[in-house]
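To keep things clear, I will list the structure first and then write my remarks on it.
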Amino acid sequence: FKLSDKPVYVQYCPMKKATWLSSEKQIRNPYYGSSMLTCGEVTETL
């Protein structure tokens, strides 16, 4: 069962030590607002 044919990216914020899912490869960190919006990395593609 797949929700979409597009990849889903697991992204990680090292400062918050937390992950989130994104439909975009570009990092848009949800944890620290505009001050850390691009902080993080893609750790896995689902």
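None of the figures in this text is laboratory data; all of them are computed from the coordinates on show. Just so it is clear, the model here is predicted, and its values are computed rather than measured. Cβ coordinates were reconstructed from backbone atoms using ideal geometry, including for glycine residues, and neighbour counts include every protein chain displayed.
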Sorted on mean Cβ neighbours within 10 Å (highest first), peptides 3-10, 39-46 come out as 39-46, 3-10
Calc'd 3J(HN,Hα), the range 24-30, phi into Karplus 6.51 cos²θ - 1.76 cosθ + 1.60 (θ = phi - 60°), Hz, glycine/Pro = x, comes to 10, 6, 5, 6, 9, 4, x
Contour minus Cα-Cα span, Glu41 to Val8, at 0.36 nm per residue, comes to 10.5 nm
Diffing the range 39-44: the Karplus 3J(HN,Hα) column from phi (6.51, -1.76, 1.60, θ = phi - 60°), in whole Hz with x for Gly and Pro, holds 7, x, 8, 7, 9, 6
